[in-house]
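> One structure is given below, represented as structure tokens, and several questions about it will come after.
The values are calculated or read from the model by the stated rules, or taken from the named source; none is laboratory data. The structure presented is a predicted model; accordingly, all values stated were derived computationally and were not measured. Counting neighbours? That spans all protein chains shown, and the Cβs are built from the backbone with ideal geometry, glycine included. Areas reflect the complete protein model, heavy atoms only, side chains present, ligands, DNA and RNA absent. Shrake-Rupley method; radii C 1.70, N 1.55, O 1.52, S 1.80 Å.
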Amino acid sequence: MATRTADILVIGGGVIGLSIARRLAREGLTVTLLERDVCGRAASWAAAGVLAPPNAHRKDAAAILHLRSLAMYPRFCEELTEETGIDPQYEPCGELEVAFDERGLESLRSDMIAAGDRRSADGRPAFEIHDVAETRRIEPLVTPQAIGSMECRETAQVRNPRLLASLCAACDKVGVQICEQSPVEHFLVDGSRVKGVRTRDGDVPGGTVVLCAGAWSSQIGQALQKLMPVRPVRGQMLLMKLDRRPFRRVISRGKTYLVPRQDGHVLLGATEEADAGFVIRNTPKGIASLIEKGLRLVPSLADAPLVATWAGLRPGTPDDLPYIGGVPGFEGLIAATGHFRSGLSFAPLTAELVFDEIAKRPYDLDLASIRPGRFG
Ligand SMILES: Cc1cc2nc3c(=O)[nH]c(=O)nc-3n(C[C@H](O)[C@H](O)[C@H](O)COP(=O)(O)OP(=O)(O)OC[C@H]3O[C@@H](n4cnc5c(N)ncnc54)[C@H](O)[C@@H]3O)c2cc1C
């Protein structure tokens with residue numbers, strides 16, 4: 001591997017690392033991205049591509065950042081399409097959260113009230129409660145067992161494998177040196193200053209190192225396991241293919257969702273398994289529970305052709321919030337990881353925040369709740 005000396009070394013070629021590498025290279029910085037395997041094949045590929053707002057009761061800084069990132073998405077995807085010709089197929093499809101009992105509907109109502117007078121891009125209320133008749137009028141395949149639903153007009157989707165292909169091509173165009181099959185083993189440290197990384201093939205110097213290794217992030221430096229713990233949380237997914245798109249919106253209840261793609265594919269996700277370690281595989285139990293919950297929402301999918309199953313590891317943190325910013329005690333090391341269930345949603349803003357950190361630009365929010373080192 002012939003790597004040049006770069007201003008920036010990015011560790012990890014998922015949606016976070018690629019978005020950051022592209023953003024920084026567009027500013028004229030020389031960027032080298034080191035990927036253990038191949039880019040865009042880990043959690044970012046396994047994800048469902050749903051771009052959903054945070055729970056409406058949350059008013060904290062991370063929730064505001066999440067909303068800002070979602071607002072950046074249409075432009076982010078337009079730019080990527082212009083730069084590469086690969087359209088990530090961003091689509092503001094909306095979502096229907098289904099309720100099966102009064103308690104469920106009451107909880108949705110409370111979410112709607114918490115959202116206040118938020119509006120979606122087309123000016124309509126961001127959240128609206130529907131009775132069962134209206135629910136089935138707008139999405140006739142929703143089960144008649146539902147008693148109502150909440151429509152969330154802020155939810156969008158993106159074809160994440162296309163987004164990743166587009167990001168890789170954009171990085172290439174803007175001069176990012178991408179080194180695949182280059183696992184980073186540890187940081188090169190001089191006192192408290194991180195001066196580069198050691199890979200299987202040798203040392204790579206760099207001015208600033210940006211850590212975006214997803215679920216594996218705190219495996220790289222031992223001290224990071226205490227400072228900013230990241231643990232893998234497995235998610236299993238299942239894919240069906242119909243002749244044409246069966247419904248327009250994402251249909252969900254709790255952590256189960258059905259995502260209709262334009263070409264008739266329907267994704268059903270996802271399990272949330274914090275005890276599976278780094279094992280990436282499907283299990284009969286995981287798939288059975290997905291099928292049971294998915295068919296409860298849309299029973300007519302029972303005969304749909306099942307075309308694939310897969311799994312991925314979300315980068316989980318103790319408070320489910322990411323780590324974005326300089327790592328205390330490690331001068332020259334910036335973390336951008338731990339995005340758990342929302343890494344796709346957070347990617348454009350994460351790239352902005354990392355650029356701000358490098359350019360030492362102040363941000364208009366207190367970012368303490370997403371800073372690495374908040375656990376001591
Ligand atoms: C089933 C499932 C469904 C999901 N659905 C959604 C969704 O609908 N919407 C949403 O916003 N989010 C979703 N997520 C979460 C989202 O996928 C993650 O938050 C996001 O992909 C994290 O991106 P990342 O770049 O940090 O990690 P990854 O995509 O995992 O990338 C990390 C990269 O780092 C590399 N790496 C690791 N160690 C090293 C090393 N030592 N040296 C070099 N490279 C290394 C890995 O090989 C990998 O390529 C889902 C996740 C799963 C698993």
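> Quick one: how many residues across region 308-329 are within 16 Å of the ligand (Cβ to nearest atom) and either of a type in the set (A, V, I, L, M, F, W, C) or touching a strand residue (DSSP E or B) at 6+ places or on another chain (Cβ under 6 Å) (or both)?
13
> Can you run down the residue pairs with Cβ atoms below 6 Å, 6 or more apart or on separate chains, where the first is in region 338-365 and at pLDDT below 95 and the partner is acidic (Asp, Glu) and more than 11 Å from the ligand (Cβ to nearest atom)?
What qualifies is Tyr363/Asp356.
> How many residues does region 10-68 hold that are more than 30 Å from Ala126 (Cβ to Cβ), open to solvent by less than 50 Å² (accessible area, probe 1.4 Å) and among the charged types (D, E, K, R)?
Residues flagged as more than 30 Å from Ala126 (Cβ to Cβ), open to solvent by less than 50 Å² (accessible area, probe 1.4 Å) and among the charged types (D, E, K, R) within region 10-68 amount to 1.
> Got a sec? Which of Gly332, Gly373, Gly343 is within 11 Å of the chain's Cα centre (by Cα), small (Gly, Ala, Ser) and either within 11 Å of the ligand (Cβ to nearest atom) or on the phi > 0 side of the Ramachandran plot (or both)?
The unique qualifying residue is Gly343.
> Restricting the first residue to region 222-233 and requiring it to be open to solvent by 50 Å² or more (accessible area, probe 1.4 Å), which pairs with a second residue that is assigned to a helix (DSSP H, G or I) and within 15 Å of the ligand (Cβ to nearest atom) meet a Cβ separation below 6 Å and a spacing of at least six or different chains?
Gln225/Ser218
> Also, I was wondering about something else. State whether one or more residues within region 78-93 are farther than 30 Å from Val354 by Cβ and either over 22 Å from the mean Cα position of the chain (by Cα) or surrounded by fewer than 18 Cβ atoms within 10 Å (Cβ to Cβ) (or both).
no
> Any idea which of (1) touching a Gly at 6+ places or on another chain (Cβ under 9 Å); (2) not in a strand (DSSP E or B) is the one Asp7 doesn't satisfy?
(2)
> Looking at this structure, is Val250 of a type in the set (Val, Ile, Thr), closer than 30 Å to His186 by Cα and either out of contact with any helix residue (DSSP H, G or I) (no Cβ under 6 Å at 6 or more places or on another chain) or within 11 Å of the ligand (Cβ to nearest atom) (or both)?
no
> Sticking with this structure for a sec: Six or more apart or on different chains, Cβ under 6 Å: which pairs go from a residue in region 122-147 that's at pLDDT 95 or above to one that's aromatic (Phe, Trp, Tyr)? Could you list them?
Glu139/Phe247; Leu141/Phe247
> So, one more: Quick one: which residue in Asp263, Asp190, Asp172 is acidic (Asp, Glu), over 30 Å from Ala304 (Cα atoms) and touching a strand residue (DSSP E or B) at 6+ places or on another chain (Cβ under 9 Å)?
Within the list Asp263, Asp190, Asp172, the selection yields Asp172.
> Quick test for you: out of Glu292, Glu352, pick the one residue that is more than 13 Å from the ligand (Cβ to nearest atom), assigned by TED's automatic domain parsing to the domain that holds Leu18 and part of a helix (DSSP H, G or I).
From the options Glu292, Glu352, the qualifying one is Glu352.
So that you can scan it fast, the table gives a plain yes or no per residue for (1) near the ligand (Cβ under 10 Å from one of its atoms); (2) outside any loop (DSSP other than H, G, I, E, B):
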{"position": "Gln222", "(1), (2)": "no, no"}
{"position": "Val233", "(1), (2)": "yes, yes"}
{"position": "Met237", "(1), (2)": "yes, yes"}
{"position": "Arg244", "(1), (2)": "no, no"}
{"position": "Leu258", "(1), (2)": "no, yes"}
{"position": "Gln262", "(1), (2)": "no, no"}
{"position": "Leu268", "(1), (2)": "no, yes"}
{"position": "Thr271", "(1), (2)": "yes, no"}
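> Another question about this same structure. Is there a residue in region 314-323 that is in contact (Cβ under 8 Å) with a residue 60 or more places away in the chain, part of a loop (DSSP other than H, G, I, E, B) and either of a type in the set (S, T, N, Q) or open to solvent by 60 Å² or more (accessible area, probe 1.4 Å) (or both)?
For region 314-323, residues in contact (Cβ under 8 Å) with a residue 60 or more places away in the chain, part of a loop (DSSP other than H, G, I, E, B) and either of a type in the set (S, T, N, Q) or open to solvent by 60 Å² or more (accessible area, probe 1.4 Å) (or both): present.
> Turning to a different aspect of this structure: Evaluate region 287-305: report whether one residue or more is surrounded by fewer than 16 Cβ atoms within 10 Å (Cβ to Cβ) and at positive phi.
Scanning region 287-305, I find no residue that is surrounded by fewer than 16 Cβ atoms within 10 Å (Cβ to Cβ) and at positive phi, so the answer is no.
> Kindly indicate whether any position in region 242-250 is open to solvent by 20 Å² or more (accessible area, probe 1.4 Å) and farther than 27 Å from Arg153 by Cβ.
yes
> Which condition from (1) open to solvent by 40 Å² or more (accessible area, probe 1.4 Å); (2) assigned by TED's automatic domain parsing to the domain that holds Arg22; (3) closer than 30 Å to Arg193 by Cβ is the one that Arg341 breaks?
Condition (3) is where Arg341 drops out.
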